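What follows is a short report on a single structure.
The values are calculated or read from the model by the stated rules, or taken from the named source; none is laboratory data. Because the structure is predicted, anything quoted here is derived from the model rather than measured. Heads up, the Cβs are rebuilt from the backbone with ideal geometry, glycines too, and the neighbour counts pull from every protein chain shown.
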Amino acid sequence: MNIRKTEQKGVLIAIAESGEKLITDVQSALDLIATIYYDNGSKRVVVEKDAVADEFFILSSGLAGEILQKFVNYRMKLAIVGDYSQYTSKPLHDFIYESNSGCNVFFVGTEDEAVQRLSQV
């Protein structure tokens, strides 16, 4: 995993890049949170959708809820960048809409949008 840092509006944001899945279960999410916070000094992280387990986007698996609860509990803000148009699940689209209306987790189309959203909250 490669971590780039950017700063916008005085907010440090880590951008985690990897050719492999970074978030596959609760433990890998906790590992990412710890790495971003302790090694990089940030409480905001951007990851690509491809770095997140496919099961995350199947809400009935419960994985999304478990993982996002850890991000909220540890006060780590997350933006997941990718194209969500291929998903036809209405509950998933509702979940994405509700998340984007909040201030902790964002599902966005571009890295620039992710950085912008994370720097505002």
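Brief remarks follow.
- Of the residues making up the stretch 101-121, those that are in a helix (DSSP H, G or I), in contact (Cβ under 8 Å) with a residue 24 or more places away in the chain and surrounded by fewer than 14 Cβ atoms within 10 Å (Cβ to Cβ) number 1.
Conditions (1) in contact with a Lys or Arg (Cβ under 8 Å, 6 or more places away or on another chain); (2) under 17 Å from ILE23 (Cα atoms); (3) not in a loop (DSSP other than H, G, I, E, B), marked per residue:
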position	(1), (2), (3)
SER60	no, no, yes
ALA64	no, yes, yes
GLN69	no, yes, yes
ALA79	yes, yes, yes
TYR87	no, no, no
PRO91	no, no, yes
PHE95	no, no, yes
SER99	no, no, yes
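- Selection of the stretch 96-107 for residues being closer than 15 Å to GLY82 by Cβ and either in contact with a Gly (Cβ under 8 Å, 6 or more places away or on another chain) or not aliphatic (A, V, I, L, M) (or both) yields SER99, ASN100, PHE106, PHE107.
- Selection count where residues are β-branched (Val, Ile, Thr), surrounded by fewer than 17 Cβ atoms within 10 Å (Cβ to Cβ) and in a loop (DSSP other than H, G, I, E, B), scope the stretch 1-47: 0
Per-residue answers, yes or no, for (1) more than 25 Å from GLN120 (Cα to Cα); (2) not charged (D, E, K, R):
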| site | (1), (2) |
| --- | --- |
| ALA29 | no, yes |
| ILE33 | no, yes |
| TYR38 | no, yes |
| VAL47 | no, yes |
| ASP50 | no, no |
| ILE58 | yes, yes |
| ALA64 | no, yes |
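- Set ALA79, ALA64, ALA29: member being under 21 Å from SER119 (Cβ atoms) and modelled with pLDDT of 95 or more: ALA79
- Residue check, LEU78 without any contact (Cβ under 8 Å) to a residue 24 or more places away in the chain and crowded, with 18+ Cβ neighbours inside 10 Å: no
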